[in-house]
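The values are calculated or read from the model by the stated rules, or taken from the named source; none is laboratory data. Source: prediction; values computed, not measured. Note that we place each Cβ from the backbone using ideal geometry, even for glycine, and neighbour counts take in every protein chain shown.
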Amino acid sequence: MLTKDSNSATPVIEIRDLHKSYGDLEVLKGVSMIAPRGHVTSLIGSSGSGKSTLLRCANLLEDSQQGEIIFNGEPILWKGAGLDRRPADRKQVTRIRTNLSMVFQQFNLWAHMTILQNVMEAPVTVMGRDKAEVEEKARMYLDKVGIGDKCDVYPAQMSGGQQQRAAIARALCMEPQALLFDEPTSALDPELEQEVIKVIKALAEEGRTMIIVTHDMRMAADISDHVVFLHKGLIEEEGHPSDLFGNPKSERLKQFLSATVPA
Ligand SMILES: Nc1ncnc2c1ncn2[C@@H]1O[C@H](COP(=O)(O)OP(=O)(O)OP(=O)(O)O)[C@@H](O)[C@H]1O
Ligand SMILES: [Mg+2]
């Protein structure tokens, strides 16, 4: 669903000075980033640096205490302040969330539904779209990720790589304005990882707007337009992947890369 502001110059997501705490623990300490339309932004950083939290705040799955989240030029409306701050308009939240699809490390497919039912579920029940049209789209997206022959099987009958591709087809079937990935390949064996990376790469080449949290530096270097290195809840360094990986400036990023980049 495109709004009047969804032109190419307006970022799909803009985050300004975001602060997020869990009780006394401040996890995001003033983070600003944008997801420009048609670009791939990767988020990297050590375990616990706040990557998943940032993604979940962007998708309004988590509340944040300070700062702005702007979707297609439309700021999220808040009520309350600090730990009591919540989105003020539930309709706005639903509208924005259905335009941002998440893909999780653990796939999160429904075990009791076939792959086709999984992919059709949200567009039909949450978005109220026409069932026959959604089915056609669902089959098309399952084909696109290379598992068009798996429509009638259950998740447990598929490999991890196939399940993750089903989860990507499910995200695509929402026809969102941006895809948010949280470590989409971390739960997979190396050879299954490659089939998922191939799909993500093809989506990047199509010019889809994506934010990808990943520990896979090779994928980040390969497909990103922009890479953000998060350290203890703050952006320590960011830039084009060739600069960030080829010529890191901060000691922390240098240390992080020397510990994580495969030979
Ligand atoms: N629901 C929660 N309640 C309390 N603390 C949390 C919660 N979720 C995350 N945290 C804490 O917030 C910090 C950031 O967590 P987050 O999951 O965002 O890190 P991450 O960068 O995604 O790490 P990883 O690479 O391990 O996935 C951690 O210290 C974590 O323990
Ligand atoms: Mg995480």
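When we screen L60, L28, L55 for residues that are in a loop (DSSP other than H, G, I, E, B), surrounded by 14 or more Cβ atoms within 10 Å (Cβ to Cβ) and aliphatic (A, V, I, L, M), the only hit is L60.
The single condition among (1) more than 15 Å from R37 (Cα to Cα); (2) in contact with a helix residue (DSSP H, G or I) (Cβ under 7 Å, 6 or more places away or on another chain) that P190 does not meet is (2). Report whether or not E206 is on the phi < 0 side of the Ramachandran plot and surrounded by fewer than 22 Cβ atoms within 10 Å (Cβ to Cβ). Considered against the rule, which asks whether it is on the phi < 0 side of the Ramachandran plot and surrounded by fewer than 22 Cβ atoms within 10 Å (Cβ to Cβ), E206 comes out as yes. All conditions but one from (1) in contact with a Gly (Cβ under 9 Å, 6 or more places away or on another chain); (2) within 16 Å of ligand 2 (Cβ to nearest atom) apply to S47; the one that does not is (1).
Restricting to region 209-246, name every residue that is part of a loop (DSSP other than H, G, I, E, B) and either within 16 Å of ligand 2 (Cβ to nearest atom) or modelled with pLDDT under 95 (or both).
If the condition is that a residue be part of a loop (DSSP other than H, G, I, E, B) and either within 16 Å of ligand 2 (Cβ to nearest atom) or modelled with pLDDT under 95 (or both), then T214, H215, D216, K232, G233 are the ones that fit.
Is there a residue in region 43-51 that is modelled with pLDDT of 95 or more and in a helix (DSSP H, G or I)? Checking region 43-51: at least one residue is modelled with pLDDT of 95 or more and in a helix (DSSP H, G or I).
Per the listing K249, K254, the residue uniquely basic (K, R) and either in a helix (DSSP H, G or I) or touching a Pro at 6+ places or on another chain (Cβ under 8 Å) (or both) is K254.
Of the residues making up region 130-159, those that are part of a helix (DSSP H, G or I) and farther than 15 Å from I200 by Cβ number 18. Filtering G67, G38 for residues that are under 19 Å from the mean Cα position of the chain (by Cα) and either within 15 Å of ligand 2 (Cβ to nearest atom) or surrounded by fewer than 20 Cβ atoms within 10 Å (Cβ to Cβ) (or both) leaves a single hit, G38. Residues that are surrounded by 22 or more Cβ atoms within 10 Å (Cβ to Cβ), without any contact (Cβ under 8 Å) to a residue 60 or more places away in the chain and under 15 Å from the mean Cα position of the chain (by Cα): does region 224-236 have at least one? The answer is no, given that none of the residues of region 224-236 is surrounded by 22 or more Cβ atoms within 10 Å (Cβ to Cβ), without any contact (Cβ under 8 Å) to a residue 60 or more places away in the chain and under 15 Å from the mean Cα position of the chain (by Cα). Which of the following residues is farther than 28 Å from F256 by Cβ, touching a Pro at 6+ places or on another chain (Cβ under 8 Å) and without any contact (Cβ under 8 Å) to a residue 60 or more places away in the chain: C173, C151? Sole residue among the options that is farther than 28 Å from F256 by Cβ, touching a Pro at 6+ places or on another chain (Cβ under 8 Å) and without any contact (Cβ under 8 Å) to a residue 60 or more places away in the chain: C173.
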